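Working notes for the structure below.
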Amino acid sequence: MASDLTTDEDSAHALFQSMDSMAGLSPAALTTAAPARTHVPGLATLRAVWPGVLVATTIALASTWLSQHYGAPVMLFALLFGMAFHFLHEEGRCVAGIEFSSKAVLRLGVALLGARITAAQILGLGLMPIATVVAGVASTILLGLAVSRLFGQSRSFGVLSAGSVAICGASAALAIASVLPRNAESERNTILTVVTVTALSTLAMILYPMLVTAVGLDHVRAGIFLGGTIHDVAQVVGAGYTISPQTGDVATYVKLLRVTMLLPTVFVIAFVGARARGGQVGAKAPIPLFLLGFAGLVALGSLGLMSRPLAGAAKEISNWCLVTAIAALGMKTSFKALFAVGWRPVALMVLETAWIGALVMTSVLVFRS
């Protein structure tokens, strides 16, 4: 029996090892993992992944219910519950579905984030918020890249952590992780980043409204600061509408502008990574399909070609996909591995959070009327 379980695990990992896009499984992977079912590859894939997908979806449902009833971040619930079921990723029938959820389902959720944003929302903010957001995202990522070695971390972790802090928290971490080079620490780094950025975002949701009130910012400036600094969309909405409806509206639009930066950021990271691995000046970076989906949805929404019900459905599906992917990532990491990383990566993310907070606050105070 033990050998059978080991064989299942090895086959499942081989099945998803080469899955680098939302296109799904390559024919070679399907042939290797399930030679007896190659005549119906879609059915073979479904049979392989459904147990793990079902478990991840169940954790997502439980996490969403608890989040709605107790007001805590759903991503954090999904992560913690997922890690409690880490043993399911060690061996057995759930391994393939967990891998599928942490890759294909994740990228679908990131692609559907584009339904939240239109060009009119971005242009309506004016020049100062746009310049502030662009400068904040770029400088924070460069900071993470520059100082990661000082904290004993890899440059990949510096980019991953800084990108999650600078753009949109857990969603950005998942998108960036999907195009970074994979190694033995990739999954652990992704989980650590999501856990830390979610915790920091929750603290910011509580503390930042008190900060902008103490500084004396008006509703618009307060919204720019909250939307330009808090990591996750849900926490931005919570903090903004705590102050006033106007602050909440401005904070949400500024936050969506930061989410828009996800597309060029991930593309640049993928491009640079491909050239570094290829070692050739003319090396071309493959464009991840989920980024094309993201851009396409932004364009459709901006041109008014997406109905409100369709946009709402895309947002809802995106939320479910991301929570399910987070649950799967949680199942791929153990508490022991997480606690072994020490304080240095957390300190790095605190520094990145302080940096973007100071930069946006400076911009708001200098350009305030």
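Do we find that R182 is over 19 Å from M128 (Cα atoms), open to solvent by 30 Å² or more (accessible area, probe 1.4 Å) and not in a helix (DSSP H, G or I) in this structure?
yes
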Quick check on this structure: which one of A285, A251, A276, A234 is at pLDDT below 85, touching a Gly at 6+ places or on another chain (Cβ under 8 Å) and small (G, A, S)?
A285
Picking from L150, L160, L142, the residue that is at pLDDT 90 or above, open to solvent by 40 Å² or more (accessible area, probe 1.4 Å) and touching a Leu at 6+ places or on another chain (Cβ under 9 Å) would be L150
If G227 passes every condition in (1) surrounded by fewer than 22 Cβ atoms within 10 Å (Cβ to Cβ); (2) assigned to a helix (DSSP H, G or I) but one, which one does it miss?
(1)
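Would you mind finding the one in A234, A222, A239, A204 that is open to solvent by 40 Å² or more (accessible area, probe 1.4 Å) and either out of contact with any Lys or Arg (no Cβ under 7 Å at 6 or more places or on another chain) or hydrophobic (A, V, I, L, M, F, W, C) (or both)?
Result: A234 is the single residue among A234, A222, A239, A204 that is open to solvent by 40 Å² or more (accessible area, probe 1.4 Å) and either out of contact with any Lys or Arg (no Cβ under 7 Å at 6 or more places or on another chain) or hydrophobic (A, V, I, L, M, F, W, C) (or both).
Each row is one residue, and each column tells you yes or no for (1) touching a residue at least 40 places away in the same chain (Cβ under 8 Å); (2) open to solvent by 40 Å² or more (accessible area, probe 1.4 Å).
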position	(1), (2)
T58	no, yes
A62	no, yes
H69	no, yes
P73	yes, no
F77	no, yes
M83	yes, no
E90	yes, yes
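Of T247, T265, T193, which residue is open to solvent by 10 Å² or more (accessible area, probe 1.4 Å) and of a type in the set (S, T, N, Q)?
Residue meeting the stated conditions: T265.
The values are calculated or read from the model by the stated rules, or taken from the named source; none is laboratory data. Being a predicted model, the structure only gives us computed values, none of them experimental. We place every Cβ from the backbone using ideal geometry, glycine too, and count neighbours over all the protein chains shown. Accessible surface is based on the protein model in full, side chains and every heavy atom, while ligands, DNA and RNA are left aside. Shrake-Rupley method; radii C 1.70, N 1.55, O 1.52, S 1.80 Å.
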